[in-house]
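Student: Below you'll find the structure I mean.
The values are calculated or read from the model by the stated rules, or taken from the named source; none is laboratory data. Please read all numbers here as calculations on a predicted model, not as lab measurements. Positions of Cβ are generated from backbone atoms using ideal geometry, with glycine treated the same way; all protein chains shown enter the neighbour counts.
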């Protein structure tokens with residue numbers, strides 16, 4: 001028995017290492033990973049940037065120096081309509097956008113995969129009830145609910161992430177359910193069952209590790225989508241509220257004077273674009289690395 | 001087929017019921033639309049009470065909901081709380097604009113994505129394939145808001161600065177002189193581009209990967225082996241089978257398309273349902289919000305129904321009854 005465990009562990013460790021080796025060979029994905037790491041470091045060190053590089057706080061107004069062009073009056077990337085430093089706000093805004101999208105993705109994954117695994121594993125009426133519920137949620141235009149809820153309650157980004165996950169879990173739950181059903185019918189599951197494995201153990205030990213790669217790939221597709229949706233909501237004035245910056249509300253603010261300061265529109269959008277693009281490319285690399293059968 | 005459509009229409013009822021109940025609760029939990037008046041010292045409390053009574057806001061919540069449902073069943077969505085014009089009228093004014101925007105963008109993006117996706121799949125790793133794959137990845141990651149603003153920056157602001165013919169910044173028609181159809185089209189170019197690029201990206205990705213998968217199937221080899229022309233194999237055998245997953249995708253993308261329209265309408269000040277929705281929410285115009293939510297839900301569900309019917313058209317193995 002002892003030896004079996006170590007073998008299993010070594011095999012899975014080997015899988016991860018092999019996947020990493022395949023991932024490394026994908027030059028585009030590696031560059032994307034580097035870009036993403038740079039963006040994450042930039043956002044996480046927002047406080048440092050504010051103290052040591054720009055010398056501005058993110059909500060520090062200088063109305064007399066409003067709408068400075070990049071390089072003017074000590075604003076490295078210019079200032080906005082309130083004379084707030086754009087570089088500092090980009091860093092803090094990145095923190096908000098990244099944190100929000102990650103939290104929303106994790107919450108959605110948690111709800112969706114738990115529901116999906118339960119539905120796929122239990123089958124019968126449990127499955128039918130859960131999936132009917134998911135169908136109803138899928139046919140509700142979630143954007144209208146999102147707009148409504150966020151306009152009325154002005155949630156912080158933590159609550160907004162929770163609302164996202166409550167509305168958007170059905171997508172991943174369907175995928176996980178399908179995968180669970182196909183794994184369930186494999187002989188090794190039957191073997192484990194014969195050996196007296198409990199349901200919890202079957203899910204945790206056999207099904208979850210098999211579903212995990214799909215969940216990872218799904219996350220790599222949905223995090224950019226969440227970042228973009230949050231930006232759209234903030235652009236409509238419904239997401240993160242100023243003076244707290246987010247890339248989306250910086251766009252909203254800057255669209256009032258794009259004639260004079262086009263960089264203020266360009267920069268936050270570029271950050272969203274680069275983040276979304278790099279995560280997507282990493283996701284593509286992951287898919288190729290995790291699923292060698294799928295040659296693209 | 002007919003029985004299927006009727007059954008699906010009946011299934012719409014609980015979904016519409018659910019979404020309107022949720023909307024009704026959310027919007028009413030935020031407080032009365034008369035809240036602003038309560039803080040205004042010039043408005044007398046008895047006036048507020050009278051207005052509240054006239055608007056029917058003094059009834060209990062559940063009763064108001066059923067009154068609303070009763071009216072909706074008779075085709076009456078109520079009066080807008082801001083200017084007391086019928087909600088149906090206000091929606092009808094802008095609904096055409098939104099449907100125009102979404103239907104043109106769907107058609108256009110399919111017209112671009114289908115041939116391009118098939119070409120990419122058949123000429124895998126060729127130059128066109130690489131460019132279109134790059135475009136698909138970029139288009140998927142580009143925020144619609146930003147794309148819209150960049151388009152305005154380039155084609156409206158910079159072009160007019162450079163003295164080139166420039167496109168209008170927003171709206172649907174030139175207010176100074178109405179140039180007829182040409183003017184309408186001019187105003188549609190930028191919003192539609194902002195909608196089409198991300199859509200093409202999504203379609204392209206799925207069409208290419210599905211086509212690649214289909215091309216490896218045995219029936220394609222069989223068709224080739226019996227000496228059919230390449231075009232017949234690709235379009236008769238290949239495309240027919242690619243269409244099936246695409247129809248599913250179409251159903252799933254409909255909410256996205258309306259969400260995109262919501263954003264684009266607000267970037268380009270385009271008077272459509274999305275813009276009206278944001279205005280109505282800002283105004284706390286409860287009846288208008290309810291009406292728009294209902295219309296959006298109906299559009300999404302009808303779109304899904306169309307997708308399901310198309311499903312049976314595309315795949316003769318599927319019997320809907």
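Student: Answer yes or no as to whether residue B:268 is over 18 Å from residue B:91 (Cα atoms), touching a helix residue (DSSP H, G or I) at 6+ places or on another chain (Cβ under 6 Å) and at pLDDT 80 or above. Break it down stepwise before answering.
Tutor: Working: over 18 Å from residue B:91 (Cα atoms): yes; touching a helix residue (DSSP H, G or I) at 6+ places or on another chain (Cβ under 6 Å): yes; at pLDDT 80 or above: yes.
Yes.
Student: Let me ask another. If the requirement is being surrounded by 11 or more Cβ atoms within 10 Å (Cβ to Cβ), modelled with pLDDT of 85 or more, under 30 Å from residue B:199 (Cα atoms) and away from chain A (no Cβ under 14 Å), which of these qualifies: B:50, B:64, B:85, B:90?
Tutor: Working: B:50 fails: under 30 Å from residue B:199 (Cα atoms); B:64 fails: under 30 Å from residue B:199 (Cα atoms); B:85 fails: under 30 Å from residue B:199 (Cα atoms).
When all the criteria are applied, what remains is B:90.
Student: Looking only at segment A:238-253, count how many residues are more than 8 Å from chain B (Cβ to nearest Cβ) and either surrounded by fewer than 22 Cβ atoms within 10 Å (Cβ to Cβ) or part of a helix (DSSP H, G or I) (or both).
Tutor: 9
Student: Is it true that some residue in segment A:271-280 is within 11 Å of chain B (Cβ to nearest Cβ) and at pLDDT below 90? Before the answer, list the steps.
Tutor: First pass over segment A:271-280, keeping only residues within 11 Å of chain B (Cβ to nearest Cβ): A:271-280.
Checking which are at pLDDT below 90 leaves us with A:280.
Yes, there is a match, as at least one residue in segment A:271-280 is within 11 Å of chain B (Cβ to nearest Cβ) and at pLDDT below 90.
Student: Quick check on this structure: which one of A:152, A:175, A:163 is in contact (Cβ under 8 Å) with a residue 40 or more places away in the chain and surrounded by fewer than 22 Cβ atoms within 10 Å (Cβ to Cβ)? Can you show your working first?
Tutor: Working: A:152 fails: in contact (Cβ under 8 Å) with a residue 40 or more places away in the chain; A:163 fails: in contact (Cβ under 8 Å) with a residue 40 or more places away in the chain.
Checking each option against the conditions leaves just A:175.
Student: Report yes if residue A:94 is closer than 30 Å to residue A:51 by Cα, touching a residue at least 40 places away in the same chain (Cβ under 8 Å) and surrounded by 21 or more Cβ atoms within 10 Å (Cβ to Cβ), otherwise no. Don't jump to the end; show me each part of the working.
Tutor: Numbers: closer than 30 Å to residue A:51 by Cα: yes; touching a residue at least 40 places away in the same chain (Cβ under 8 Å): yes; surrounded by 21 or more Cβ atoms within 10 Å (Cβ to Cβ): yes.
The answer is yes for residue A:94.
Student: Then there is this: Step by step: first the residues of segment B:201-224, then only those that are over 20 Å from residue B:249 (Cα atoms) and either free of Cβ contacts under 8 Å to residues at least 12 places away in the same chain or not in a helix (DSSP H, G or I) (or both), then the one that is nearest to the other protein chains (Cβ to nearest Cβ). Which residue is that?
Tutor: Of segment B:201-224, the ones over 20 Å from residue B:249 (Cα atoms) are B:216-224.
Narrowing further to those that are either free of Cβ contacts under 8 Å to residues at least 12 places away in the same chain or not in a helix (DSSP H, G or I) (or both): B:216-218, B:221-222, B:224.
Details: B:216: 10, B:217: 16, B:218: 18, B:221: 18, B:222: 23, B:224: 21 Å.
Of everything passing the filter in segment B:201-224, B:216 is nearest to the other protein chains (Cβ to nearest Cβ).
Student: Going through B:104, B:152, B:131 one at a time, which residue ends up being in a helix (DSSP H, G or I) and within 9 Å of chain A (Cβ to nearest Cβ)? I'd like the intermediate steps shown before the answer.
Tutor: Working: B:104 fails: within 9 Å of chain A (Cβ to nearest Cβ); B:131 fails: within 9 Å of chain A (Cβ to nearest Cβ).
That would be B:152, the only listed residue that is in a helix (DSSP H, G or I) and within 9 Å of chain A (Cβ to nearest Cβ).
Student: Here is a list: A:183, A:223, A:214. Which entry is more than 9 Å from every other protein chain (Cβ to nearest Cβ) and more than 24 Å from residue B:202 (Cβ to Cβ)? Talk me through it step by step, then tell me what you get.
Tutor: Details: A:223 fails: more than 24 Å from residue B:202 (Cβ to Cβ); A:214 fails: more than 24 Å from residue B:202 (Cβ to Cβ).
Exactly one of A:183, A:223, A:214 is more than 9 Å from every other protein chain (Cβ to nearest Cβ) and more than 24 Å from residue B:202 (Cβ to Cβ), namely A:183.
Student: In segment B:264-296, what residues are assigned to a loop (DSSP other than H, G, I, E, B) and facing chain A (nearest Cβ under 10 Å)? Full working, then the answer.
Tutor: The initial filter retains those residues of segment B:264-296 that are assigned to a loop (DSSP other than H, G, I, E, B), namely B:268-272, B:283-285.
If the condition is that a residue be assigned to a loop (DSSP other than H, G, I, E, B) and facing chain A (nearest Cβ under 10 Å), then B:284 is the only one that fits.
Student: Might you let me know whether segment B:107-119 holds any residue that is at pLDDT 85 or above and over 26 Å from the mean Cα position of the chain (by Cα)?
Tutor: Applying the first criterion (at pLDDT 85 or above) to segment B:107-119 yields B:107-119.
Add one more test, that the residue is over 26 Å from the mean Cα position of the chain (by Cα), and what stays is B:119.
Looking for residues that are at pLDDT 85 or above and over 26 Å from the mean Cα position of the chain (by Cα), one finds at least one in segment B:107-119, hence yes.
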